[in-house]
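A.B. asks: Sharing a structure, written as structure tokens. Questions coming.
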Amino acid sequence: MKNSLSRIPLVVFIVILLALPQLAITPEFWITQLNYIGLATLVVLGLVLLTGVGGLTSFGQAAFVGIGAYTTAYFTTQMGWSPWFTLLLGLGFTAILSYILGAISLRLSGHFLPLGTIAWGLSLYYLFGNLEVLGKYDGISGIEPLQVFGISLAAGRNMYYLIWLFVLLAIWSLVNLLASRPGRAIRSLKDGAAMAESFGINTAAYKIIIFMYAALLASISGWLYAHMQRAVSPSPFGLNAGIEALFMAVVGGAASVWGALVGSAVVLIIKDQLQNWLPRLLDTNANFEMIVFGVLLVIVLQYARDGIWSYVVAPFQRRRDSRAERLAPPPEAPLLPQRPRPVSGQMVLEVDAIRKEFGGLVAVNDISFKLSAGEIVGLIGPNGAGKSTTFNLITGVLPLTRGKVEFLGQRLDTLLARDIARLGVGRTFQHVQLLPTMSVLENVALGAHLRSDVSVLAGTLHTDRSREAQLLHEAARQLERVGLGDYLYEQAGNLALGQQRIVEIARALAADPVLLLLDEPAAGLRFREKQALSQVLKQLREEGMSILLVEHDMEFVMELTNHLVVMDFGTKLAEGPPAEIQTNPAVLEAYLGGVDEEAAHA
């Protein structure tokens with residue numbers, strides 16, 4: 001994935017980091033600058049996860065830096081507690097506060113979310129400056145330096161190693177997390193939350209998790225800052241600092257882990273140089289660097305929307321992409337647990353007079369039908385007939401106005417989409433909903449999310465290797481099954497539309513469904529691809545899977561289905577076997593005749 005760094009550059013980078021403080025020729029100013037870059041990187045790494053990957057904009061991260069800083073400042077100076085204990089205490093305070101703020105703020109959407117983060121960020125900033133116990137705007141001074149094995153970290157060159165140890169650990173943990181089962185769920189939040197819910201992912205819970213993760217990284221930065229500076233005051237924890245951190249993320253690459261480091265370094269170095277040179281150039285002491293920052297941000301957004309890091313890795317990425325086709329599939333692994341299949345003929349789905357109204361518009365008008373195990377039922381009708389809306393009602397994406405949906409005797413219409421998926425209902429979408437920057441293999445592995453139980457902590461610490469191997473093996477197995485075994489490591493967004501639809505089917509199969517809902521799966525496929533898809537669906541039927549199919553290709557539908565339900569303007573027009581539907585006068589007049597005529601002229 002794009003957030004990883006190959007071993008040789010990584011080793012070189014670490015060797016340089018270790019060597020710089022040991023070189024007598026390294027100026028003290030460089031060490032100090034690198035310390036500040038490291039502190040900023042910790043905050044920006046949280047924003048990469050929260051904003052760049054998760055799509056949740058926060059201007060208040062500097063307030064969490066203040067929580068970590070003030071916690072250790074107060075308890076070490078006033079209570080005499082160990083600074084290492086206050087690190088844990090600060091993380092505890094931050095976890096509780098970020099959970100509460102996240103549970104409230106993340107209910108907001110659109111521009112209300114960043115406005116909400118500004119509100120509580122300012123509130124905490126003014127709280128720091130007005131509490132007598134925290135020294136008001138004078139802050140707290142006299143903080144003792146850290147000690148490790150009796151070695152004082154008062155000197156910047158000594159503190160340097162602790163700061164960058166935390167930075168490297170944070171990068172390692174974040175790369176691990178994003179490449180894991182929970183990481184794939186997190187990466188779906190920005191562009192595919194509705195799809196993710198349909199595969200059992202609790203998107204609200206993952207939003208709070210990444211909000212807390214980002215806050216904890218900021219708190220660690222604050223703890224390190226307090227012991228490096230030996231004093232704290234409110235000024236570094238205000239709104240300006242939160243905006244600057246977001247600016248660093250954008251400049252480096254908002255969705256890139258290593259971009260956090262690059263963005264922090266570039267912004268802080270430029271900021272320092274501007275503070276040195278602008279007063280000389282303009283012959284004034286006025287603060288013009290923020291104006292220049294604004295201009296730079298506009299330039300970056302215009303010409304480098306993916307950040308500076310994307311340009312750094314572009315040559316290596318092209319080389320990696322050219323090798324992708326030659327990479328071997330994931331190694332063999334034990335199969336994931338599979339659901340028992342209902343016996344042939346058992347009632348699987350019963351749709352009873354379901355209705356959906358949007359204001360005064362009736363999109364689905366009291367539709368009823370049934371689907372048994374080992375049966376393929378086609379749901380057909382002209383564009384706008386309400387077929388996809390019916391799918392969304394069955395799968396919990398939309399709530400019913402009235403009616404009832406039962407799956408294996410259990411009501412679905414009272415459940416959330418993710419709970420319906422947990423019961424064994426898989427689906428594809430009318431408009432393809434893949435994550436374009438993720439590989440085909442990862443997209444399909446996302447479908448198997450509910451078939452494993454890897455936690456965020458296990459993903460972060462990379463203790464999930466055996467279960468991750470099972471998920472990737474299952475994803476590769478389903479891609480082989482649908483004929484896309486040669487595209488495992490291709491970015492999903494690079495595939496043709498027809499291939500993307502097949503990937504969606506593989507993703508749905510990875511969920512091990514009992515009932516599979518396919519929304520126009522043959523759209524965009526060539527003749528041979530349709531034939532191959534038909535064979536896959538027939539095989540699934542023989543295995544006992546039930547399939548509900550929406551499709552406009554009548555030849556494909558008539559040859560494949562056991563039963564058809566015809567919709568027109570949200571109402572059921574006819575129902576019966578394909579041979580009967582083909583001769584139904586009402587159907588011919590409303591739909592089939594027009595399609596056949598178009599097909600004849602194609």
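A.B. asks: Being without any contact (Cβ under 8 Å) to a residue 24 or more places away in the chain and either touching a helix residue (DSSP H, G or I) at 6+ places or on another chain (Cβ under 7 Å) or loosely packed, with under 12 Cβ neighbours inside 10 Å (or both) is the filter here, so list the residues in segment 336-370 that pass it.
C.D. replies: Passing the criteria: Pro340, Phe358, Gly359, Gly360, Leu361.
A.B. asks: What pairs come out if I take residues in segment 198-209 that are touching a residue at least 12 places away in the same chain (Cβ under 8 Å) and assigned by TED's automatic domain parsing to the domain that holds Gly183 and pair them with residues that are in a helix (DSSP H, G or I) and among the basic types (Lys, Arg) whose C-beta lies under 7 Å away, six or more apart or interchain?
C.D. replies: Matching pairs, first to second residue: Gly200/Arg418; Gly200/Arg422; Ile201/Arg418; Asn202/Arg418.
A.B. asks: Evaluate segment 495-509: report whether one residue or more is assigned by TED's automatic domain parsing to the domain that holds His449 and part of a loop (DSSP other than H, G, I, E, B).
C.D. replies: Yes, the conditions are met somewhere in segment 495-509.
A.B. asks: Here is a further query. Within segment 182-206, can you find the residues that are under 11 Å from the mean Cα position of the chain (by Cα), more than 20 Å from Ser98 (Cα to Cα), aliphatic (A, V, I, L, M) and crowded, with 22+ Cβ neighbours inside 10 Å?
C.D. replies: Residues satisfying the conditions are Ala185, Ala196, Ile201.
A.B. asks: Let me ask you something else. Does Ser152 count as within 21 Å of Gly38 (Cα to Cα), free of Cβ contacts under 8 Å to residues at least 60 places away in the same chain and of a type in the set (Gly, Ala, Ser)?
C.D. replies: So Ser152 passes the test.
A.B. asks: Further question on the same structure: Could you name every one of the helices (runs of 4 or more DSSP H) located completely within segment 234-344 that has at least 2 residues being modelled with pLDDT of 90 or more?
C.D. replies: Counting at least 2 such residues, we get 239-252, 257-282.
A.B. asks: Follow-up question, since we're still on this one. Within segment 145-181, track down each residue that is assigned to a loop (DSSP other than H, G, I, E, B) and surrounded by 15 or more Cβ atoms within 10 Å (Cβ to Cβ).
C.D. replies: Residues satisfying the conditions are Leu146, Leu153, Ala179, Ser180.
A.B. asks: Of all residues in segment 148-165, count the ones that are out of contact with any helix residue (DSSP H, G or I) (no Cβ under 6 Å at 6 or more places or on another chain) and either of a type in the set (A, V, I, L, M) or under 22 Å from Leu17 (Cβ atoms) (or both).
C.D. replies: Looking only at segment 148-165, we keep the residues that are out of contact with any helix residue (DSSP H, G or I) (no Cβ under 6 Å at 6 or more places or on another chain), and these are 148-152, 154-155, 158, 161-162, 165.
Now restrict to residues that are either of a type in the set (A, V, I, L, M) or under 22 Å from Leu17 (Cβ atoms) (or both): 148-149, 151-152, 154-155, 158, 161-162, 165.
Summing the residues that are out of contact with any helix residue (DSSP H, G or I) (no Cβ under 6 Å at 6 or more places or on another chain) and either of a type in the set (A, V, I, L, M) or under 22 Å from Leu17 (Cβ atoms) (or both) in segment 148-165 gives 10.
A.B. asks: Being in the same structural domain as Ile186 (by TED's automatic domain parsing), surrounded by 24 or more Cβ atoms within 10 Å (Cβ to Cβ) and among the hydroxyl-bearing types (Ser, Thr, Tyr) is the requirement here; does Ser221 meet it? Don't jump to the end; show me each part of the working.
C.D. replies: On the way: in the same structural domain as Ile186 (by TED's automatic domain parsing): yes; surrounded by 24 or more Cβ atoms within 10 Å (Cβ to Cβ): yes; among the hydroxyl-bearing types (Ser, Thr, Tyr): yes.
Criteria met by Ser221.
A.B. asks: Continuing with this model, one more query. Checking Pro114 against (1) in contact with a Phe, Trp or Tyr (Cβ under 8 Å, 6 or more places away or on another chain); (2) modelled with pLDDT of 95 or more, only one condition comes out false. Which one?
C.D. replies: So the condition that Pro114 fails would be (2).
A.B. asks: Then there's this: How many residues does segment 420-470 hold that are in contact with a helix residue (DSSP H, G or I) (Cβ under 6 Å, 6 or more places away or on another chain) and without any contact (Cβ under 8 Å) to a residue 12 or more places away in the chain?
C.D. replies: 0
A.B. asks: Here's a follow-up. Where in segment 392-479 are there helices (runs of 4 or more DSSP H), lying wholly inside it, with at least 1 residues that are polar (S, T, N, Q) and under 15 Å from Ala196 (Cα atoms)?
C.D. replies: Result: 440-447.
A.B. asks: More than 19 Å from the chain's Cα centre (by Cα), surrounded by 14 or more Cβ atoms within 10 Å (Cβ to Cβ) and without any contact (Cβ under 8 Å) to a residue 24 or more places away in the chain: which single residue out of Gly80, Gly68, Gly116, Gly38 fits that description?
C.D. replies: Of Gly80, Gly68, Gly116, Gly38, the one residue that is more than 19 Å from the chain's Cα centre (by Cα), surrounded by 14 or more Cβ atoms within 10 Å (Cβ to Cβ) and without any contact (Cβ under 8 Å) to a residue 24 or more places away in the chain is Gly116.
A.B. asks: Could you count how many residues in segment 345-380 are of a type in the set (Phe, Trp, Tyr) and not in a strand (DSSP E or B)?
C.D. replies: Residues flagged as of a type in the set (Phe, Trp, Tyr) and not in a strand (DSSP E or B) within segment 345-380 amount to 0.
A.B. asks: Mind checking whether some residue in segment 129-140 is of a type in the set (A, V, I, L, M), surrounded by fewer than 16 Cβ atoms within 10 Å (Cβ to Cβ) and in the same structural domain as Thr57 (by TED's automatic domain parsing)?
C.D. replies: yes
The values are calculated or read from the model by the stated rules, or taken from the named source; none is laboratory data. Note that the structure is a prediction, hence the values are computed from the model and not measured. Heads up, the Cβs are rebuilt from the backbone with ideal geometry, glycines too, and the neighbour counts pull from every protein chain shown.
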